[in-house]
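What follows is one structure encoded as structure tokens, with my remarks underneath.
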Amino acid sequence: MALLNFLKPKNKLEEGGRTEAPVQNDAGEPEKNCPNCHKDIPLSRLWANQLVCPCGYHFRMKARQRISMITDKNSFCELFANIRSDNPLNFPGYKDKLEMSKTASGEEEAVVCGTALIGRQKCCIFAMESYFMMGSMGSAVGEKITSLFEYAMNHRLPVVGFTVSGGARMQEGLLSLMQMAKTSAAVKRHSDVGLLYIAVLTDPTTGGVTASFAMEADIILAEPGATVGFAGKRVIEQTTKQSLPKVFQSSEFVLEHGFIDKIVQRKDQRKTLAELIKMHHGE
Amino acid sequence: MSGTPYDRVKLARDNKRPTGQDYIKNIFKNIIELHGDRRYSDDKAIIGVIARLDGTPVTVIAIEKGHTYKERVERNFGAPHPEGYRKALRLMKQAEKFGRPIICFVDTSGACCGIGAEERGQGQAIAENLMEMSTLCVPVISILIGEGGSGGALALAVADRVWMLQNAVYSVISPEGCASILWKDSAKADVAAESLKLTAEDAKSLGVIDRILSESDIGSKEYYDRIRTLLTDEITELSKDPDLLQARYDRFRKIGMRSN
Ligand SMILES: [Zn+2]
């Protein structure tokens, strides 16, 4: 499968929630270097192609870019935008990190929630934000996701969720850990009344988010080439003293091992989601 | 209670502390161990039994670290694989079917990090436990007896009551892991331990646990007798609660709630 070529990308972009300034080529047009095919691709071309390189590599997308790509025009209404983190444990350096993340992402927290139409089907939607502390889950993320599932249950709506996360946010200690239990309980209640939840795992979906709501959906889709796993690769390498197979902890790997339903390319996601929602909630 | 938070971490890891098996042997009677997840294998890092607590049949799940090096290797140092969590869930669902209360003893540095664990869906196994435990319609009590390492501990601690020994620790990440990620220096683990608020007193003040158990006479007959009495009384109380599931939901729902 050609998609296997871009597993384990050495993606320098976006590490730590920052973007490298695009390079200007001779013609003066900004470009981005693809970590898979190593070519410089004009930004305009990437944008025209939903941030997918001609080689098939899916660049990371901001939460709101995803929402506007997936939902019907002007249909998104944001919910719970006022829920944000403070520094409950007084953790050293956390306040500054939050401020930096807000600037880098333009968001107040690492997830954006709301209602929207997808193919004219009403649903609740959340998209996590990799530019905000790599989508880590603290109290605010847990509270927003939980509130969204409760809202969806009360309004009998399906939930579509795009995950991207480095895991639990350690600067909030045990409070972060408890968000795994809290969100899971809300997903369960939503599920128990017969409502649909579709998760779309994007690069990377790891740690406490994998071990909670990312893996609890009725239908789990993933973008090609995304890192999907529980423990960090470096930790596993150190613990086992083994070098890891090339495809380890990728979308393709979890598909093969039976933990996701389908890999869907970005260009097909909207249609697939609309179709799935229609089959569960349509007339 | 004394020492720095990092001293507590070291105490919590001490292999002379009573382990899951010690609690099972000394608190319960008519113990029958049940094995296997019915899907892949039997994980020795997690023990599941049916037994009597003061005459009442209960299901007990315990993470077992072992005492000697040989035991610890056999128990994978108390780091469960996905099949351990799936065995636990199977036995908890069985307890629910037969109306037996569930008691979990939690003691792990974390869920196993390894190739097999990832291949068999460690994340999915933990996630499923979190989801399913939230609606088990029998009383569930979890006691953190040593290390409460992140999701691997939480996967047996979505309970109506969560108790902690005074020298147990409960944390989202090991202090060493936290220090090496944040400060690229695992030697700063003591600073991380302080910052993570992982002691029993911290967990209680954060509303994460309900009770701290004294260790003054740890390992003695009186110690186990006292825990047996506490468990019996609490289960009697919980069994009377008509809104058990709502209370369990609310217990976790209110943690970390903040809007401004
Ligand atoms: Zn490319």
Worksheet item: Given the residues B:Ala95, B:Ala111, which is the only one that is more than 9 Å from chain A (Cβ to nearest Cβ) and modelled with pLDDT of 95 or more?
Response: B:Ala95
Item to complete: Scan region A:24-81 for residues that are open to solvent by less than 20 Å² (accessible area, probe 1.4 Å) and either of a type in the set (Phe, Trp, Tyr) or within 14 Å of the ligand (Cβ to nearest atom) (or both) and jot them down.
Response: A:Cys34, A:Pro35, A:Ile41, A:Leu46, A:Leu51, A:Val52, A:Cys53, A:Gly56, A:Tyr57, A:His58, A:Phe59
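Matching residues to (1) β-branched (Val, Ile, Thr); (2) away from chain B (no Cβ under 14 Å):
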site: A:Leu89; (1), (2): no, no
site: A:Asp96; (1), (2): no, no
site: A:Ile118; (1), (2): yes, yes
site: A:Met128; (1), (2): no, yes
site: A:Met134; (1), (2): no, no
site: A:Gly142; (1), (2): no, no
site: A:Met153; (1), (2): no, no
Worksheet entry | Answer residue from region B:145-158, given it is within 11 Å of chain A (Cβ to nearest Cβ) and assigned to a strand (DSSP E or B) and is farthest from B:Ala203 (Cα to Cα) among those | B:Gly149
Discussion item. Can you find a residue that is open to solvent by 40 Å² or more (accessible area, probe 1.4 Å) and under 17 Å from the mean Cα position of the chain (by Cα) anywhere in region B:26-33?
Written reply: no
Item to complete: Please tell me if B:Arg248 is within 14 Å of another protein chain (Cβ to nearest Cβ), surrounded by 13 or more Cβ atoms within 10 Å (Cβ to Cβ) and either of a type in the set (D, E, K, R) or touching a helix residue (DSSP H, G or I) at 6+ places or on another chain (Cβ under 7 Å) (or both).
Response: yes
Fill in: Criterion: among the basic types (Lys, Arg) and within 12 Å of chain A (Cβ to nearest Cβ) - qualifying residue of B:Arg161, B:Arg120, B:Arg211
B:Arg120
Practice prompt. Would you be able to say whether some residue in region B:82-99 is open to solvent by less than 10 Å² (accessible area, probe 1.4 Å) and of a type in the set (S, T, N, Q)?
Written response: no
Worksheet item: Among all residue pairs at least 6 apart or on different chains, which show Cβ distances below 9 Å where the first residue, located in region A:112-131, is of a type in the set (Phe, Trp, Tyr) and the second is assigned to a loop (DSSP other than H, G, I, E, B)?
Response: A:Tyr131/A:Glu14; A:Tyr131/A:Arg18; A:Tyr131/A:Thr19; A:Tyr131/A:Arg60; A:Tyr131/A:Lys62; A:Tyr131/A:Gly106; A:Tyr131/A:Glu107; A:Tyr131/A:Ala110
Fill in: Residue in region A:245-273 that is nearest to the other protein chains (Cβ to nearest Cβ), counting only those that are small (Gly, Ala, Ser) and crowded, with 20+ Cβ neighbours inside 10 Å
A:Ser250
Item to complete: List the number of the failed condition for A:Met153; all other conditions in (1) open to solvent by less than 10 Å² (accessible area, probe 1.4 Å); (2) in contact with a His (Cβ under 7 Å, 6 or more places away or on another chain) hold.
Response: (1)
Discussion item. Could you tell me how many of the residues in region B:116-140 are open to solvent by less than 30 Å² (accessible area, probe 1.4 Å) and touching a Phe, Trp or Tyr at 6+ places or on another chain (Cβ under 7 Å)?
Written reply: 8
Worksheet item: Which of the residues belonging to region B:45-78 are open to solvent by 60 Å² or more (accessible area, probe 1.4 Å), touching a residue at least 40 places away in the same chain (Cβ under 8 Å) and among the charged types (D, E, K, R)?
Response: B:Asp54
Fill in: Residue check, B:Ala203 touching a Leu at 6+ places or on another chain (Cβ under 7 Å), within 14 Å of another protein chain (Cβ to nearest Cβ) and at pLDDT 95 or above
yes
Discussion item. All but one of (1) open to solvent by less than 10 Å² (accessible area, probe 1.4 Å); (2) more than 8 Å from chain B (Cβ to nearest Cβ); (3) farther than 21 Å from A:Cys55 by Cβ hold for A:Ala222; state the number of the condition that does not hold.
Written reply: (3)
Worksheet item: Checking A:Gly135 against (1) within 16 Å of the ligand (Cβ to nearest atom); (2) touching an Asp or Glu at 6+ places or on another chain (Cβ under 9 Å), which test does it fail?
Response: (1)
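How do the strands (runs of 3 or more DSSP E) wholly within region A:106-173 filter down when requiring 2 or more residues that are β-branched (Val, Ile, Thr): which remain? Before the answer, list the steps.
Numbers: elements: A:111-118, A:121-128, A:159-165.
Fully inside region A:106-173 and qualifying: A:111-118, A:159-165.
Condition check ((1) within 12 Å of the chain's Cα centre (by Cα); (2) more than 9 Å from every other protein chain (Cβ to nearest Cβ); (3) open to solvent by 30 Å² or more (accessible area, probe 1.4 Å); (4) at pLDDT 95 or above) across all residues:
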| position | (1), (2), (3), (4) |
| --- | --- |
| A:Gly208 | no, no, no, yes |
| A:Met215 | no, no, no, yes |
| A:Gly232 | no, no, yes, no |
| A:Ser243 | no, yes, yes, no |
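The values are calculated or read from the model by the stated rules, or taken from the named source; none is laboratory data. Here the structure is a predicted model, which means the values were calculated and not measured. Please note: Cβ atoms are built from the backbone with ideal geometry, for glycine as well, and neighbour counts cover all protein chains shown. To get the accessible areas, we keep the full protein, side chains included, count just its heavy atoms, and leave off ligands, DNA and RNA. Shrake-Rupley method; radii C 1.70, N 1.55, O 1.52, S 1.80 Å.
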